[in-house]
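Take a look at the structure below.
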Amino acid sequence: KNIEYAIVDRAFRDGKITPRIPKERSGMTVAVVGSGPSGLAAADQLNQMGHKVTVFERADRIGGLLMYGIPNMKLEKETVDRRVNLLREEGIEFITNANVGVNVDANELKANFDALCMCLGATKPRDLPVPGRDLKGIHFAMEFLTANQKKLLMTKDGTLESRWEKDHWINAAGKNVIVIGGGDTGTDCIGTSMRHRCNSVVNFELMPQPPMERAPDNPWPQWPRIFRTDYGHAEVKAVTGKDPRVYSVMTKEFIGDENGHVKALITQDVEMTAKGPKAIEGSEREWPTELVILSMGFVSPEAYVAEELGLDVDQRNNIHAVYGDFRTNIEGVFAGGDCRRGQSLVVWAINEGRGIANAVDQYLEMKRVEEPAEGHSAFVNLSSLSPTI
């Protein structure tokens, strides 16, 4: 990874990576909804195929997960901006603060573009419906990470207002932080809390601690399910002398103070059975905390865009489209990335973005043959695009 970074940085520095502006244009227009890894991959490839591409992003900056979901210590935002600026120079148009299904009408997009690519991501987080969940001080991981990243970016730009910090920033400084759930996102929440100078941080894992070496039922070439230490765990251990992870526990209840703010939570130890995790009676423990971060993954894309367009969804509420084909049940609308396959890796999102581009290109080629271009503009009658976007 570091070698790849070094090669690309050197290539940019030496002027070897320059805009590739398509020599010919097809006259066809494509709207891409979402500017995360799959959306950017689809937009890049469709633009190189000669189509006019416009990317709609509901946040105030382009990049999706790359901009707000991955902290600076793992991905510098200048790196994201550098690539986005290159795509912009190559002819892709980016529109921010465009929340399709809210302040941009999805059906108008469909009507005014020759094809519509849904690259929404899987942004609906898994919740923890236990008593006390509505207390203040309990946040989803992306709320915590996004607010932190926005503060850093606004501070750098000189646009941070004290009122914004008071109303939106989630500060872990001096607090006992509990992160519920593991994975990359959980680690990022641990690392961010450490940088806020939290008082302590504990990470709850429902599953038992993995073995140090492969188990007999986990042979090569399967992914090795073994104990690993990520950067967040290592940082906590370096400061406190103790790994922050506590395994085989589930949260039973949140406890609040007189102001409605979380002050502690109750856990139970669990054992794994054939039917799943089972709570062990009499194993309750109380943990002091002023900030709880829920990092238990994502269940599906948010439903409002699919509902507005009338898109079919599968049993997990992901947009239904077959891998390799990527067409939805609505003519001219395609879907890929996490909103189609469910929460997955960035490399899979990029793969699906490129797959969408190939499928859309084939569709547009057929459409050009069947319906000769009439020279219409992509933004004719797109009344929902207000001047504030």
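The values are calculated or read from the model by the stated rules, or taken from the named source; none is laboratory data. Everything quoted here is computed from the prediction, not taken from an experiment. Here Cβ is always computed from backbone atoms with ideal geometry, including for glycine, and neighbour counts include all displayed protein chains. To get the accessible areas, we keep the full protein, side chains included, count just its heavy atoms, and leave off ligands, DNA and RNA. Shrake-Rupley method; radii C 1.70, N 1.55, O 1.52, S 1.80 Å.
Quick check: from the Cα gyration tensor, does segment 143-207 come out rounded (a/c under 1.5), prolate or oblate?
Taking the square roots of the gyration eigenvalues as a ≥ b ≥ c, segment 143-207 is prolate.
So how tilted is helix 183-195 from the main axis of the chain? Cα-based, degrees 0 to 90, rounded to 10. The angle comes out near 70 degrees. Each Lys or Arg adds one and each Asp or Glu subtracts one; over the other residues with Cβ under 15 Å from the Cβ of ILE7, this totals +3.
What ranking do 4-17, 101-114 get when scored by the average of other Cβ atoms within 10 Å per residue, highest first?
On the way: 4-17: 11.1, 101-114: 18.9.
Highest mean packing first, the order is 101-114, 4-17.
Put simply, the amide H of LYS124, placed in the peptide plane, has neighbours under 5 Å in VAL299, SER300, GLU302, leaving out anything fewer than 5 places away on its chain. Both the radius of gyration and Dmax for segment 76-135 are 17.5, 52 Å, in that order, over alpha-carbon atoms.
In the full protein context, the chain carries 52 Å² of accessible surface per residue, based on a 1.4 Å probe and ignoring ligands, DNA and RNA. Residue-wise HN-Hα couplings along segment 124-140, as the Karplus relation 6.51 cos²θ - 1.76 cosθ + 1.60 with θ = phi - 60° gives them from phi, are 8, x, 6, 9, 10, x, 10, x, x, 4, 7, 5, 5, x, 10, 9, 6 Hz; Gly and Pro carry x.
Since only CYS119, LEU145, ASN176 are under comparison, the one whose Cα sits farthest along the positive direction of the charge dipole of segment 78-179, derived from C-beta charges on Lys, Arg, Asp and Glu, is ASN176.
Amide H contacts for VAL32 (H built 1.01 Å from N in the peptide plane; partners 5 or more residues away or on another chain; cut-off under 5 Å): THR54, VAL55, PHE56, CYS117. Peptides 296-305, 85-94 ordered by packing proxy, namely the average of other Cβ atoms within 10 Å per residue, highest first: 296-305, 85-94. Mind checking which of THR251, ALA306, VAL270 is farthest towards the positive end of segment 235-306's charge dipole, using Cβ charges of +1 (Lys, Arg) and -1 (Asp, Glu) about the Cα centre? Ranked along the dipole, the leading option is VAL270. On C-alpha positions alone, give me the angle between the axis of helix 231-240 and the longest principal axis of the chain, in degrees, nearest 10. The two axes meet at around 30 degrees.
Shape call for segment 40-116 from the C-alpha gyration tensor, a ≥ b ≥ c root eigenvalues: rounded (a/c under 1.5), prolate (a/b greater than b/c) or oblate?
Oblate, because a/c is 1.5 or more while a/b does not exceed b/c.
Amide H contacts under 5 Å for LEU291: ASN176, ILE178, restricted to partners 5 or more places along the chain or on a different chain, H placed in the peptide plane at 1.01 Å from N. Computed over segment 113-165, the alpha-carbon pair-distance distribution with 5 angstrom bins reads 4, 13, 16, 15, 14, 15, 13, 7, 3, 1, each value a whole percent. The charge dipole of the chain, taken about its Cα centre with unit charges on the Cβ of Lys, Arg, Asp and Glu (plus for the first two, minus for the last two), comes to roughly 1060 debye. Helix 2-13 and the longest principal axis of the C-alpha atoms of the chain enclose an angle of approximately 40°. Among 44-53, 187-196, 318-327, 257-266, sorting by the average number of other beta carbon atoms lying within 10 angstrom of each residue, highest first, gives 187-196, 44-53, 318-327, 257-266. For THR185, what charge total do you get from the other residues with a beta carbon under 12 Å from its beta carbon, if Lys and Arg give +1 and Asp and Glu give -1? Local net charge: -2.
Using only side-chain charges placed at the Cβ, +1 for Lys and Arg and -1 for Asp and Glu, the dipole size of segment 58-188 relative to its Cα centre rounds to 480 debye.
Our Cα-only numbers for the chain put the radius of gyration and Dmax at 23.1, 73 Å. A convex hull fitted to the Cα coordinates of segment 198-320 yields 208 cubic angstrom per residue. Across all directions, the shadow cast by the convex hull of segment 276-363 built on its C-alpha atoms averages 9.1 square nanometres. For segment 54-182, the convex hull drawn through the C-alpha positions has a volume of 161 cubic angstrom per residue. For the pair segment 85-152 / segment 226-272, the C-alpha centres are spaced 28 Å from each other.
Could you list the square roots of 5 times each eigenvalue of the Cα gyration tensor of segment 175-220, that is, the equivalent ellipsoid semi-axes, sorted largest first and rounded to whole Å? Each semi-axis is the square root of five times an eigenvalue, giving 28, 10, 8 Å.
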